[in-house]
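The values are calculated or read from the model by the stated rules, or taken from the named source; none is laboratory data. Just so we're clear, the structure is a prediction, and the values are computed from it rather than from any experiment. Here Cβ is always computed from backbone atoms with ideal geometry, including for glycine, and neighbour counts include all displayed protein chains. Calculation scope for accessible area: heavy atoms of the full protein, side chains included, ligands and nucleic acids excluded. Shrake-Rupley method; radii C 1.70, N 1.55, O 1.52, S 1.80 Å.
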Amino acid sequence: MKNKTSVLSREGEAQPSRCPDNSAFKQQRLPAWKPQLTIASVLSCFFLTGAFCLTVGVCLVLSANSVREIQIDYSDKCSDCSKLRENSSNWNKECHCSINFTLKEDILGDVFMYYGLQNFYQNHRRYVISRSDAQLLGRNVNIQRSNCAPFSTYRNGTPMAPCGAIANSMFNDTIDLFYNINSSMIQVPLLKTGNSWWTDKNVKFRNPESYNLSSAFAGTARPPYWQKPVYLLDEEDERNNGYVNDDFIIWMRVSAFATFRNLYRRVLRVRRFAEGLPAGNYTFQISYNFPVTRFKGRKHVILSTVVWSGGSNPFLGIAYLVSGTAATLAGFVITGIHLKLRKKKTYFQKQ
């Protein structure tokens with residue numbers, strides 16, 4: 001015997017029924033909207049989507065092409081320094097080189113300086129996880145239990161700060177820009193703070209708490225490839241020192257591709273450079289510290305402006321153009337098929 005709420009078992013005891021309640025929701029009787037796809041609505045969607053994507057794509061491509069940019073490869077131009085750096089025993093020897101170039105036209109507006117690396121694979125799994133986020137938050141952690149090995153401690157047990165392969169391979173060339181005018185060189189003022197993301201600077205990276213940075217990092221040692229400890233990354237500005245150093249934070253955000261660029265400096269718009277970089281002769285003076293020959297890499301320095309859509313990267317615009325073209329072509333194909341089938345239907349109806 002069965003009713004709405006229970007059924008009788010073999011022993012005669014009532015058990016709850018597994019049937020859902022007789023409600024509109026559980027019996028799927030709620031009102032629903034079912035679109036009626038007609039040829040007009042389908043073609044309208046394809047053509048409108050195509051027109052939208054093509055319009056956005058053209059705007060993005062034109063915007064990317066309006067970016068003013070100059071890129072200089074200094075891998076070969078600093079070949080003497082490159083050979084010196086290939087020998088690890090010369091880590092404490094300084095090496096400088098100069099790169100001259102000419103701006104034929106003014107670069108107006110905000111000018112950004114990037115360093116670019118080619119054939120440097122930051123997307124290797126062992127490399128990506130070789131860090132300690134807890135350590136970078138200023139916590140006192142046992143880094144031997146982290147993923148930093150083999151860049152976690154020295155043989156005598158001294159922990160590295162910061163640990164890991166990402167931090168150890170930090171880009172450490174120093175690049176200064178000079179404006180040559182009337183047989184004199186004027187250094188272009190560059191901003192080295194305010195280049196990282198706010199969330200990184202204020203949330204993801206913290207220095208250990210102490211009355212000064214040197215005591216905060218007491219008992220630790222710099223990574224093997226570094227020339228100075230982490231608390232001396234910026235000796236002029238304590239707010240840009242240690243784990244919250246902008247150059248360090250930007251480097252710790254690894255790239256997905258083997259060729260990439262990272263923001264290095266911004267031109268401070270004052271005096272002669274209030275409107276940007278005027279046309280003329282310039283010189284990059286580079287303190288060469290980052291070797292790239294062994295992995296067949298290249299190094300670039302880039303001066304670039306930005307627009308509303310970002311820097312000089314046409315990929316997004318091209319993606320919109322391809323999507324818009326595909327949607328428009330699909331609309332024409334469906335239109336052709338529809339007309340052909342309609343003619344056949346008319347023909348058989350007349351027969």
P(r) for the stretch 175-234: what percent of alpha-carbon pairs falls in each 5 Å bin, starting at zero? 4, 12, 14, 16, 18, 13, 9, 7, 5, 2, 0
Assuming a ≥ b ≥ c are the square roots of the Cα gyration tensor eigenvalues, decide whether the stretch 71-133 counts as rounded (a/c under 1.5), prolate (otherwise, with a/b larger than b/c) or oblate. oblate
On the protein heavy atoms, probe 1.4 angstrom, tell me the percent of accessible surface of the chain carried by carbon and sulfur. 55 percent
Cα-only Debye scattering, the stretch 270-336: base-10 log of I(q)/I(0) at q = 0.12, 0.26 Å⁻¹: -0.69, -1.14
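Quick one: net charge of residue 301's neighbours, Cβ under 13 Å, K/R +1, D/E -1?
Details: positive: 77, 261, 265, 298, 299; negative: 69, 73, 173, 176.
Result for the local shell: +1.
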Cα centroids of the stretch 54-108 and the stretch 159-185: how far apart, whole angstrom? 13 Å
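Evaluate the charge dipole of the chain about its Cα centre and quote only its size in Debye, nearest 20, assuming +1 on the Cβ of each Lys and Arg and -1 on the Cβ of each Asp and Glu. Provide the component values of the computation, followed by the final result.
Working: 43 positive and 25 negative charges, 465 e Å.
With Lys and Arg at +1 and Asp and Glu at -1, about 2240 debye.
If each residue of separation counts as 0.36 nm, what is the full-extension length gain between residue 27 and residue 346 once their alpha-carbon separation is subtracted?
Length gained, residue 27 through residue 346: 110.5 nm.
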Report the label-to-label distance for residue 90 and residue 253 in nanometres (one decimal), using points 7 Å from each Cα along the Cα→Cβ vector. 3.4 nm
Looking at the calculated P(r) for the stretch 196-282, what percent of the C-alpha pair distances fall above 19 Å? 54 percent
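Roughly how large, in nm² to one decimal, is the mean projection of the convex hull of the alpha-carbon atoms in the stretch 196-351? List each step's numbers first, then the result.
Working: hull surface 76.5 nm².
With every direction weighted equally, the projected area is 19.1 nm².
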Using the eigenvalues of the Cα gyration tensor, what equivalent ellipsoid semi-axes result for the stretch 104-163 when each is taken as the square root of five times the eigenvalue, whole Å, largest first? 36, 15, 11
Kindly provide log₁₀ I(q)/I(0) values, in the same order as q = 0.10, 0.13, 0.15 Å⁻¹, from the Debye equation applied to equal alpha-carbon scatterers of the stretch 12-132. -0.77, -0.97, -1.08
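Under a 1.4 Å probe, what is the accessible area of the stretch 203-283 per residue, stated in Å²? Could the numbers behind the result be given before it?
Values: 4310 Å² over 81 residues.
Roughly 53 Å² per residue, with all protein chains present.
Return the Rg/Rh ratio of the chain with Cα-based radii and a Kirkwood Rh. Each step should come with its number before you reach the end.
On the way: Rg = 31.4 Å, Rh = 26.0 Å.
Using Cα coordinates only, the ratio equals 1.21.
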For the stretch 120-269, what percent of Cα pairs sit more than 20 Å apart? 51 percent
